[in-house]
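Asker: Here it is, the structure, as structure tokens.
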Amino acid sequence: MSQQLMVMIASEARVGVVGLGYVGLPLAVSFAKYFDVVGFDIKAERVRELSNGHDRTLEVSKAELESASRLVFSTDPTALEQANVYVVTTPTPIDEHNQPDLRPVLSATRTIGQVLRKGDVVIYESTVYPGATEEECVPLLEEVSGLRFNEEFYVGYSPERINPGDRSHRFETILKVTSGSTPEVADFVDSLYRTVVRAGTFKAASIKVAEAAKVIENTQRDVNIALINELALVFNRLGIDTQDVLDAAATKWNFLKFQPGLVGGHCIGVDPYYLTHKAQAIGYHPEIILAGRRLNDSMGSYVASQLVSTMIRRGIDLRTARVLLLGLTFKENTPDLRNTKVIDIRRELENFGLPVDIHDPWVDPKEAFEEYGIDVVQDLEVGAYDGIVVAVAHDEFATMGAAGIRAFGRPEASVIYDLKCILPKGASDLRL
């Protein structure tokens, strides 16, 4: 087994990447520098765009796509028959009850099971709870393929660490955690990634350890941000500027300067629920993790209520008022709309009866409508809004400056909420 896999690394590895989103596409392009790669996705439009050299996520440039001569894209599952190593990068969202939704990853597993052959290796990158790979995915691979786990096929887990919009931390420059279903497979998976990832690899003790390591990375960040969000709520009531407090505290060498704000996206706002689901399944009710989730999920409502109460104090008539949200994506300088919490601000403001316009230069209008039923405003009207929330720190909004943003407000009275603190202190009416 070990000798066979090492030969595969040197000359026989043919990689099939299942899922060509923010995680899968950069991975496929990087692997194609060393191996023949089939990139598979169920979305025909996505595959068509990539085949024409366009990545709507903006994570991979046209030049990078055109230079990836060993990479082919397909919506045909039979194209994966060319591979002997499969990498699953499909999303793992949560449902309306904050429970893990494994349907995408299990669908990918079923697709792979139909083409799986003896000696093949399936590597999962999708974020899951500890145990999910071996408890949920492996039995399905066995069922569909008719092959025996760890005798006729093998499994690895290497959690994704993609950070959308980050030009410094890329797939090849981020240390990669690896693992395998046997010691030999763990060595193979580690060697495979080490061929591609310049930053190096860390071989975890087991698949469950690698799964747990991934899910606690974002759980830790979630809890830390929840603490800062709670402090912001306290300091607001005390009339203290939270940023002033954080700047002062950050002078201590071991202070961690997390920022308050909305916590959305595909990782931090989702991954903790995978861990709490597994914890509850084994009879433990997590306190701190769920408390942090509840607090972070409440921040959109808090921002909206702060804006409305300030507008009322300024004498603005809510019956005729209009609000503008600058930004819709879950973070700055990326078109990524997954699990954006700007939607929570919009929903709460509309509960107050306020019409809300959203402007975001990074967003694909078609995608915004398909995902959230929102018609983003392309051309902003000067002097039209009673309340303006800078919800996302896009460079374009920072370039506007305080005067440029305030120009969209009514000249007689308007409230500017700088949620991301991109404006100088005192240039806005509210900030976290």
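The values are calculated or read from the model by the stated rules, or taken from the named source; none is laboratory data. Predicted, not measured: the structure shown is a model, and the values here were computed from it. Methodologically, a virtual Cβ is constructed for each residue, glycine included, from the backbone with ideal geometry; neighbour enumeration extends over all protein chains shown. Quick note on the areas: whole protein, heavy atoms, side chains included, nothing else; ligands and nucleic acids left out. Shrake-Rupley method; radii C 1.70, N 1.55, O 1.52, S 1.80 Å.
Asker: Can you tell me the order of 47-60, 74-87, 363-376 when each peptide is scored by its average per-residue count of other Cβ atoms within 10 angstrom, highest first? List each step's numbers first, then the result.
Answerer: Numbers: 47-60: 16.7, 74-87: 18.6, 363-376: 15.2.
My ranking of the peptides, most packed first, is 74-87, 47-60, 363-376.
Asker: Excluding residues on the same chain fewer than 8 positions from Lys62, give the aspartates and glutamates whose Cα lies under 20 Å from its Cα.
Answerer: Asp36, Asp41, Glu45, Glu49, Asp166, Glu172, Asp336, Asp364
Asker: Take the Cα pairs of the stretch 67-176, get the Kirkwood Rh, then feed it into Stokes-Einstein at 37 °C and 0.692 mPa s and tell me D in µm²/s.
Answerer: Numbers: Rh = 15.3 Å.
Once the numbers are plugged in, D ends up at 215 µm²/s.
Asker: If R0 is 30 Å, what FRET efficiency do you get for Glu96 and Ala403 from their C-beta distance, rounded to 0.05?
Answerer: On the way: r = 42 Å, r/R0 = 1.40.
For R0 = 30 Å, the calculated efficiency reads 0.10.
Asker: Could you give the accessible area per residue of the chain, probe 1.4 Å, as a whole number in Å²? Don't jump to the answer; show the numbers that get you there.
Answerer: On the way: 18810 Å² over 432 residues.
Here the residues of the chain average 44 Å² of exposed surface.
Asker: Which order, highest average first, do 154-165, 234-245, 196-207 follow once you tally other Cβ atoms within 10 Å for each residue and take the mean per peptide?
Answerer: On the way: 154-165: 23.2, 234-245: 13.5, 196-207: 16.8.
Result, highest mean first: 154-165, 196-207, 234-245.
Asker: Compute the distance in nm between two label points, each set 7 Å from the Cα along the Cα-to-Cβ direction, one at Val234 and one at Asn52.
Answerer: If labels sit at Val234 and Asn52, their model points lie 5.4 nm apart.
Asker: Which aspartates and glutamates have a Cα lying under 18 Å from the Cα of Lys252, excluding residues fewer than 8 positions away in the same chain?
Answerer: Cross-link targets: Asp244.
Asker: How many percent of the accessible area of the chain is carbon or sulfur, using a 1.4 Å probe? Show your work: numbers first, answer last.
Answerer: Working: 9770 of 18810 Å².
Here carbon and sulfur together make up 52 percent of the probe-accessible area.
Asker: Run through all the Cα pairs of the stretch 313-373 and give the fraction in each 5 Å bin from 0, expressed as whole percent.
Answerer: Computed distribution, short to long bins: 4, 17, 27, 23, 14, 8, 6, 1.
Asker: For n ≥ 4 DSSP H runs only, could you compute -39500 (n - 2.57) per run for the chain, divide by its residues and tell me the 222 nm figure to the nearest 500? Could the numbers behind the result be given before it?
Answerer: Numbers: 15 runs with 167 residues, N = 432.
It comes out at -11500 deg cm²/dmol, rounded to the nearest 500.
Asker: Under a 5 Å amide H to amide H cut-off, with H placed in plane at 1.01 Å, what residues pair with Thr178 once short-range neighbours are removed?
Answerer: Answer set, sorted by chain and number: Phe202, Lys203, Ala204.
Asker: Further question: What does the highest-first list of 130-137, 349-356 look like by mean Cβ count within 10 Å? Intermediate values should be presented prior to the final figure.
Answerer: Working: 130-137: 20.0, 349-356: 16.0.
Ranked by mean Cβ neighbours within 10 Å, highest first: 130-137, 349-356.
Asker: Hey, another quick one. Once every Cα of the stretch 188-236 carries one equal point scatterer and solvent is ignored, give the base-10 log of I(q)/I(0) from the Debye formula at q = 0.18, 0.22, 0.27 Å⁻¹, two decimals.
Answerer: Taken in order of the listed q values, log10 I(q)/I(0) reads -0.69, -0.83, -0.97.
Asker: Sequence-distant or interchain residues sharing an amide H contact under 5 Å with Ile123, placed H: which?
Answerer: Tyr86, Val87, Val88, Gly156
Asker: Taking the radius of gyration and the Kirkwood hydrodynamic radius from Cα positions alone, what is the Rg/Rh ratio for the stretch 49-129, to two decimal places?
Answerer: Numbers: Rg = 15.1 Å, Rh = 14.8 Å.
Value, to two decimals: 1.02.
Asker: Report the calculated FRET efficiency for Glu66 and Lys43 (r = Cβ-Cβ distance, R0 = 25 Å), to the nearest 0.05. Could you put the intermediate results ahead of the total?
Answerer: Working: r = 21 Å, r/R0 = 0.83.
It comes out at approximately 0.75.
Asker: Between their Cα atoms, which of Lys33/Lys278; Lys118/Lys214; Lys176/Lys425; Lys176/Lys366 are more than 31 Å away from each other?
Answerer: Working: Lys33/Lys278 38 Å; Lys118/Lys214 29 Å; Lys176/Lys425 39 Å; Lys176/Lys366 34 Å.
Over 31 Å Cα-Cα: Lys33/Lys278; Lys176/Lys425; Lys176/Lys366.
Asker: If you consider only alpha-carbon coordinates, what radius of gyration and Dmax does the stretch 232-293 have, in Å?
Answerer: My reading of the Cα-based Rg and Dmax gives 15.8, 44 Å.
Asker: Follow-up. Which log10 I(q)/I(0) values, to two decimals, does the stretch 151-212 give at q = 0.28 Å⁻¹ under the Debye formula with one point per Cα?
Answerer: Scattering profile of the stretch 151-212, log10 relative to I(0): -1.13.
Asker: Kindly identify the stretch 173-255 as rounded, prolate or oblate by the Cα gyration tensor criterion: order the square roots of the eigenvalues as a ≥ b ≥ c, call it rounded if a/c is under 1.5, otherwise compare a/b with b/c, prolate if a/b is larger, else oblate. Could the numbers behind the result be given before it?
Answerer: Details: a/c = 4.91, a/b = 2.80, b/c = 1.75.
The shape class here is prolate.
Asker: Sticking with this structure for a sec: For the stretch 215-262, what does the convex hull of the Cα positions come to per residue, in cubic angstrom? Spell out each step's value before the answer.
Answerer: Values: hull volume 3.1 nm³, N = 48.
Hull volume over Cα atoms, normalised by residue count, gives 65 Å³.
Asker: Over the alpha-carbon set of the stretch 288-432, work out the extent along each principal axis and list the three values in angstrom, largest first.
Answerer: Each principal axis gives a Cα extent; for the stretch 288-432 these are 42, 33, 30 Å.
Asker: State log₁₀ I(q)/I(0) for the stretch 219-355 at q = 0.13, 0.14, 0.19 Å⁻¹ as given by the Debye formula over alpha-carbon point scatterers of equal weight, solvent excluded.
Answerer: Treating every Cα as an identical point scatterer, log10 I(q)/I(0) equals -0.68, -0.78, -1.20.
Asker: Output wanted: per-residue J couplings in Hz (rounded whole) for the stretch 253-268, from phi through Karplus 6.51 cos²θ - 1.76 cosθ + 1.60, θ = phi - 60°, x for Gly and Pro.
Answerer: My calculation for the stretch 253-268 gives 4, 10, 7, 9, 8, 6, 10, x, x, 6, 10, x, x, 7, 10, 4 Hz in order.
Asker: Can you check what the net charge comes to around Glu396, using other residues whose Cβ is under 10 Å from the Cβ of Glu396 (Lys, Arg +1; Asp, Glu -1)? Intermediate results must be reported in sequence, preceding the final value.
Answerer: On the way: positive: none; negative: Glu332, Asp360, Asp395.
Net charge in that neighbourhood comes out at -3.
Asker: Also, I was wondering about something else. ³J(HN,Hα) across the stretch 45-57 via Karplus (A = 6.51, B = -1.76, C = 1.60, θ = phi - 60°), whole Hz, x for Gly/Pro?
Answerer: 5, 4, 5, 4, 4, 5, 5, 8, x, 10, 10, 5, 7
Asker: I would also like to ask the following. With +1 on each Lys and Arg Cβ and -1 on each Asp and Glu Cβ, and nothing else charged, work out how big the dipole of the stretch 189-274 is about its Cα centre, in Debye to the nearest 20.
Answerer: Numbers: 9 positive and 9 negative charges, 78 e Å.
With only Lys, Arg, Asp and Glu charged at Cβ, the dipole is about 380 debye.
Asker: Sticking to Cα atoms, compute the Rg of the chain to one decimal and its Dmax as the biggest Cα-Cα distance, whole number, in Å.
Answerer: When restricted to the Cα atoms of the chain, Rg and Dmax are 23.6, 77 Å.
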